[in-house]
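Reviewing the structure listed below.
The values are calculated or read from the model by the stated rules, or taken from the named source; none is laboratory data. Remember, predicted model here, so these are calculated numbers, not experimental data. Every residue, glycine among them, receives a Cβ derived from its backbone with ideal geometry; neighbour counts consider all protein chains shown. Side chains are part of the model used for accessible areas, which takes the heavy atoms of the whole protein and leaves out ligands, DNA and RNA. Shrake-Rupley method; radii C 1.70, N 1.55, O 1.52, S 1.80 Å.
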Amino acid sequence: MSLQYETEEALAARLVEVRRNLHREPELSNEEFRTTEKLRGWLSEAGIRILELPLKTGLIAEVGQGSDSIVAIRCDIDALPIEEQTGLPYASTIPGKMHACGHDFHSAVILGAALLLKKREHELPGKVRILFQPAEETGHGAEEVLASGGLDGVQAIFGLHNSPELPTGAFGTRTGPLTAGVDRFEITVKGVGAHAATPENGVDTIVTAAQIITMLQTVVSRLNNTQEPVVLSVTRINGGFTWNVLPEKVELEGTVRTYNEEIRRSIPEQMTRIIEGIAAAAGAEAKLHWYPGPPATVNHGEWADFTKAAAAQAGYEVHDIPPQMGGEDFAYYLQQIPGAFVNIGTGPNHALHHPQFDVDEAALLPAAEYFAALAEQALAKLKQQA
């Protein structure tokens, strides 16, 4: 598929082709080999240089010259383990896998921005690193990219997510936390199995687990500042094999979402006190297993304002949106590099991660043009500040 184009209309059509091509062949986190090769081929065809980095999947390309000013624009490339139900002619051809979060849209947008930047390469006042990141859905792909050294020297970074909550032509971001810190937990409750007719002969893990689930909500309602948003959800209960036996073990799983890093660090200890205390009162044992994910995505005020000004200039309807409880591993970049994460309207449609999710492809070209302009304007800003 050639990406040569002469007009905006031709580029818009090419980006639709790219997005649909990626949509047909989704790949899960850390398995994006075919996706990476497609992107590598399209970038190479356009004469865009690709950095040699120790990344198993994903890649970073570069446009521009010099090293005084370097900015990065980022998209994610992985899909989800979801069976697609859209019925679209370009629906996933891979059973049980789907671009249900719009990462195919993100990839086409940033590829389009790379093509536009290449056309103006000799006019750019610095370099733009163009990041196609793997494994966002696992919450740890960004850490692999940072460890690769591919963002060394970058002075500002920008990323996007499509938003079915915003209409096409709308843009949203904010200063401060935009998405939440995302942590996963598992709880193992061990007791003594018994016949359901004689519970006194055992230690009931079902009752103990039920009390733990109820009391864990006090982490939100009683143990933390009510002005600071916290969500604690138990999402899986696994215990027992039949109707007349009290099981020896029950497993619980769930997630905690926070914006405040200090609160986030305190929650495992709060949960442990509740879990172990209730278990001890019942004569059982319980253990918390904590799996930290990405922290909150905290936009830098200067760059968040910059993205909004550039969006207004590009003709977007600009919104200052509230923080979201979803997670995003772009947060790791913002811990080390100033920048901002933004939402591009592609709706209304089914929610993210829905098997009938789709995007309005009319949003592709404007978003590509926006990110190309944003990168160039950010380079000019950095040059002025130097």
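Just give me the residues in region 117-150 being open to solvent by less than 10 Å² (accessible area, probe 1.4 Å), part of a helix (DSSP H, G or I) and either out of contact with any helix residue (DSSP H, G or I) (no Cβ under 6 Å at 6 or more places or on another chain) or of a type in the set (Phe, Trp, Tyr) (or both), in sequence order. Even if it seems obvious, please write down each step before you answer.
Step one: list which residues in region 117-150 are open to solvent by less than 10 Å² (accessible area, probe 1.4 Å), which gives 117, 126, 128, 130-135, 139, 141-142, 145, 150.
Those left that are additionally part of a helix (DSSP H, G or I): 117, 141-142, 145.
Correct list: Gly141, Val145.
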## Note on the structure
Picking from Ile237, Ile206, Ile213, the residue that is over 17 Å from Thr272 (Cα atoms), without any contact (Cβ under 8 Å) to a residue 60 or more places away in the chain and in a helix (DSSP H, G or I) would be Ile206
### Task
Could you check how many residues of region 293-324 are closer than 30 Å to Val250 by Cβ and surrounded by fewer than 16 Cβ atoms within 10 Å (Cβ to Cβ)?
0
### Task
Scan region 28-78 for residues that are farther than 23 Å from Ala340 by Cα, of a type outside the set (Ser, Thr, Tyr) and buried (at least 24 other Cβ atoms within 10 Å of the Cβ) and report the count.
2
### Message
Quick test for you: out of Ala340, Ala314, Ala309, Ala331, pick the one residue that is among the small types (Gly, Ala, Ser) and without any contact (Cβ under 8 Å) to a residue 40 or more places away in the chain.
### Response
Ala309
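Out of all the residues in region 159-203, which are small (Gly, Ala, Ser) and either assigned to a loop (DSSP other than H, G, I, E, B) or surrounded by fewer than 19 Cβ atoms within 10 Å (Cβ to Cβ) (or both)? Working first, answer last.
To start, the set of residues in region 159-203 that are small (Gly, Ala, Ser) comprises 159, 163, 169-170, 172, 176, 180-181, 191, 193-194, 196-197, 202.
Matches in region 159-203: Gly169, Gly176, Ala180, Gly191, Gly193, Ala194, Ala196, Ala197, Gly202.
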### Message
Take the residues in region 13-27 that are open to solvent by 30 Å² or more (accessible area, probe 1.4 Å) and of a type in the set (A, V, I, L, M, F, W, C); name whichever of them is farthest from Thr138 (Cα to Cα).
### Response
Ala13
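I need the full set of residues from region 37-80 which are of a type outside the set (A, V, I, L, M) and under 18 Å from the mean Cα position of the chain (by Cα), in order please.
The initial filter retains those residues of region 37-80 that are of a type outside the set (A, V, I, L, M), namely 37-38, 40-42, 44-45, 47, 49, 52, 54, 56-58, 62, 64-69, 74-76, 78.
If the condition is that a residue be of a type outside the set (A, V, I, L, M) and under 18 Å from the mean Cα position of the chain (by Cα), then Thr57, Gly58, Arg74, Cys75, Asp76, Asp78 are the ones that fit.
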### Query
In region 154-176, which residues are over 17 Å from the mean Cα position of the chain (by Cα) and among the hydrophobic types (A, V, I, L, M, F, W, C)?
Val154, Ala156, Leu166, Ala170, Phe171
### Message
If I ask for residues that are more than 23 Å from Gly141 (Cα to Cα) and among the acidic types (Asp, Glu), which ones from region 295-333 would you list?
### Response
Glu302, Asp305, Glu317, Asp320
### Query
How many residues are within 35 Å of the chain's Cα centre (by Cα), open to solvent by 30 Å² or more (accessible area, probe 1.4 Å) and among the polar types (S, T, N, Q) if we restrict to region 236-288?
4
